[in-house]
Amino acid sequence: MKKTYLSLKRSLLLLAALCISASSCMKDYLKKAPDEDLDIKKVFSERKFAESFLTSAYNNIPVMLGAADWDQRNPYTGASDEMEITFLGAYSHLLNSGAWSPNDYYPDIWGFMYEGIRKTNIFLENVSKVPMDETEKSRWVGEATFLRAFFHFMLARIYGPIPIGDHAYALSEDYTKIRRQPLEKVISFIVTECDKAATMLEWRVAPDKYGRITRPAALALKAQALLYLASPLWNGNPDYVNFKDKDGTLLFPAYDKERWRKAATAAKECIDGVEANGYGLYRAADNDPVKNYQNLFLDRNNMEVLFARNAGEHSHFERCSNPISFGGFSIFCPTQELVDDYEMADGTRPILGYNPDGSPVINPAAGYKETGYTTAKHPKDYYPAGVRNMYVNREPRFYASINFSGAIWKGRGIQFWFEGLDGRKRAGSDYCISGYLMKKMVNPTSDIFQNRFSLNTWIYYRVGEEYLNYAEALNEADGPVTDVYKYVNAIRDRSGLPSLAAGLSQDQMRDAIRHERRIELAFETHRYFDTRRWKTAAGIDSKEIHGMNIGAGTRLDDDNFYKRTVIEKRVFVAPKHYLWPIQQAEINKNQNIVQNPGW
């Protein structure tokens with residue numbers, strides 16, 4: 001009884017304390033400053049609040065740099081044949097194994113993009129009320145209009161047909177009426193939004209406005225969207241010819257060759273516009289071809305960048321990209337297949353294909369050697385003496401993009417072999433699984449041990465991509481005409497490579513352009529989407545990928561390390577895996593949202 005009384009007494013004292021605390025909290029709530037609790041009316045009654053709202057929409061642009069982290073919303077690099085990501089928690093592993101499903105909610109690209117779309121819709125519907133300079137307001141409207149189009153494209157490129165969010169839905173609306181719209185209508189909406197945004201945006205912004213959207217971004221997005229619509233995955237794809245909404249509406253269009261011409265026209269409009277306003281291919285001060293390419297991704301806000309996401313000091317990206325003896329995690333590991341595709345310095349391809357056992361078919365005209373070690377360093381120090389011959393005399397973009405055993409990094413040679421300073425023997429759960437690390441975009445001046453990092457950006461659109469977009473679309477529309485050669489060769493010249501051979505057929509030029517995109521745009525997520533829009537992923541992402549034999553080797557010249565080794569057997573089921581599944585939770589909420597084929 002005494003125990004019961006004491007327990008009751010403690011309860012009453014606790015209740016009294018809670019009441020006092022609640023009363024205090026209520027008083028604190030009533031003392032809040034006027035701007036601590038804002039409604040829509042208040043937000044759009046003052047310029048500073050409206051700008052903050054627009055900034056929050058910018059926050060829905062994925063950072064993308066951290067390809068191992070779900071919140072960066074970039075599973076694409078690790079799910080292409082460019083790279084294997086060591087970190088086991090990366091979503092790309094599910095894609096590569098075929099184990100992904102509609103029940104996966106991370107990375108939530110669907111929800112994150114529609115969140116951004118809702119923000120832009122609310123902004124566009126209320127910004128007219130803000131008392132501010134009308135010229136600046138128009139520019140804000142242009143930025144929000146672009147963002148709405150951009151978020152739609154981020155969804156369409158993985159899901160195909162999607163619901164169009166052209167207004168902010170109210171709670172009173174019937175959400176079951178929301179349906180996926182035909183793909184051609186989705187792209188038309190994006191293109192129209194880009195055209196509208198372009199008229200309100202500037203070609204350039206002042207340095208204190210870097211990161212704000214400009215007209216080149218709108219022109220580049222328009223060109224990219226039209227290129228995707230013209231490509232085999234979306235343009236008359238027989239796999240989707242009967243894919244319909246529940247009301248019988250066809251969601252994919254019939255084939256139309258003129259889509260290639262429209263894509264070429266949009267890309268050329270972008271190129272002409274940006275070049276007339278000071279943009280162009282980036283080159284280093286000394287025009288060294290390795291620096292031309294490497295520094296393009298390190299020299300922020302340079303003349304080639306049309307649209308980028310500022311990522312600040314992205315220390316985790318730097319750690320994932322650095323070898324373990326430099327304080328890194330050795331996470332971003334290029335595949336042997338990508339390494340094989342870099343050309344020789346004279347522009348010949350070293351590897352022509354693969355035998356049934358996975359061994360390479362070496363081009364006898366390339367001068368490429370799979371075995372042995374060089375006794376001489378490169379005259380420009382691209383590599384030191386002693387490295388494996390397979391890394392000797394390769395094209396400049398290879399040395400700007402790939403860290404390999406023996407390559408000089410931050411003052412000393414990298415040691416990926418088993419007993420090396422960067423080898424598996426010295427690593428924990430994370431280690432370099434392929435014998436290569438991504439060098440592109442990684443700043444050699446960062447010092448992980450001293451916690452000193454550089455500012456990072458993720459480039460969404462740049463002039464070099466526009467050249468290749470234009471060349472591809474024009475070749476499909478008219479064949480290998482003069483302009484096709486002009487723009488592909490400009491890319492190659494910047495990287496110290498000879499021009500393409502004259503007299504190529506349309507098929508040969510198509511192969512050359514696709515190869516050029518593979519190298520020039522490596523690790524920028526284009527490879528994942530290129531192989532899908534070309535419908536070649538079924539033959540590429542259903543194979544084994546390879547690297548070096550990281551379980552062997554005691555020194556740089558140990559032959560045991562340089563044996564091609566299977567890293568992973570990847571799974572790709574066509575046509576199912578060409579599109580992502582819509583989350584089952586979304587379909588459960590609205591039965592009129594039809595699932596993608598095969599899911």
Helices (runs of 4 or more DSSP H) wholly inside segment 213-328 containing at least 1 residues that are among the hydroxyl-bearing types (Ser, Thr, Tyr) and closer than 27 Å to residue 203 by Cβ: 215-230, 258-276, 289-294
Can you tell me which residues in segment 281-325 are at positive phi and either of a type in the set (D, E, K, R) or touching a residue at least 60 places away in the same chain (Cβ under 8 Å) (or both)? 301, 312
Hits in segment 101-138 (condition: farther than 18 Å from residue 62 by Cβ and aromatic (Phe, Trp, Tyr)): 123
Take residue 465 and tell me if it is touching a His at 6+ places or on another chain (Cβ under 8 Å), of a type in the set (Asp, Glu) and either modelled with pLDDT of 95 or more or more than 21 Å from residue 339 (Cα to Cα) (or both). yes
How about segment 384-415: which of its residues are in a helix (DSSP H, G or I), touching a residue at least 24 places away in the same chain (Cβ under 8 Å) and not hydrophobic (A, V, I, L, M, F, W, C)? 396, 397, 399, 401
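Restricting segment 501-519 to residues that are within 23 Å of residue 402 (Cβ to Cβ) and out of contact with any Asp or Glu (no Cβ under 8 Å at 6 or more places or on another chain), which is surrounded by the most Cβ atoms within 10 Å (Cβ to Cβ)?
Applying the first criterion (within 23 Å of residue 402 (Cβ to Cβ)) to segment 501-519 yields 511-519.
Next cut, out of contact with any Asp or Glu (no Cβ under 8 Å at 6 or more places or on another chain) only: 511-512, 516.
Numbers: 511: 12, 512: 20, 516: 24.
Result: 516.
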Scan segment 334-363 and report the pairs whose first residue is more than 25 Å from residue 439 (Cα to Cα) and outside any helix (DSSP H, G or I) and whose second residue is basic (Lys, Arg) and modelled with pLDDT of 95 or more, with Cβ atoms within less than 6 Å and a gap of 6+ or a chain change. 363/349
Identify all residues within segment 560-599 that are part of a loop (DSSP other than H, G, I, E, B) and aromatic (Phe, Trp, Tyr); write none if there are none. 572, 580, 599
Looking only at residues in segment 477-501 that are in contact (Cβ under 8 Å) with a residue 12 or more places away in the chain and not in a helix (DSSP H, G or I), which one is nearest to residue 398 (Cα to Cα)? 495
Exactly one of 162, 187 is outside any helix (DSSP H, G or I), more than 15 Å from residue 120 (Cα to Cα), without any contact (Cβ under 8 Å) to a residue 60 or more places away in the chain and within 21 Å of the chain's Cα centre (by Cα), and that one is 162
Just a yes or no: is a residue in segment 135-149 more than 30 Å from residue 254 (Cβ to Cβ), modelled with pLDDT under 95 and either out of contact with any Pro (no Cβ under 8 Å at 6 or more places or on another chain) or part of a loop (DSSP other than H, G, I, E, B) (or both)? no
Could you say which residue among 96, 103, 60 is closer than 21 Å to residue 533 by Cα and more than 13 Å from the chain's Cα centre (by Cα)? 96
Yes or no: segment 280-292 includes at least one residue that is touching a Pro at 6+ places or on another chain (Cβ under 7 Å) and modelled with pLDDT of 95 or more. yes
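Residues checked against (1) touching a residue at least 60 places away in the same chain (Cβ under 8 Å); (2) in contact with a Phe, Trp or Tyr (Cβ under 9 Å, 6 or more places away or on another chain):
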position: 45; (1), (2): yes, no
position: 51; (1), (2): yes, yes
position: 57; (1), (2): yes, yes
position: 64; (1), (2): yes, yes
position: 69; (1), (2): yes, yes
position: 72; (1), (2): no, yes
position: 76; (1), (2): yes, yes
position: 79; (1), (2): yes, yes
position: 83; (1), (2): yes, yes
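The values are calculated or read from the model by the stated rules, or taken from the named source; none is laboratory data. The shown structure was predicted, so the numbers you read here are calculated from the model rather than taken from an experiment. Counting neighbours? That spans all protein chains shown, and the Cβs are built from the backbone with ideal geometry, glycine included.
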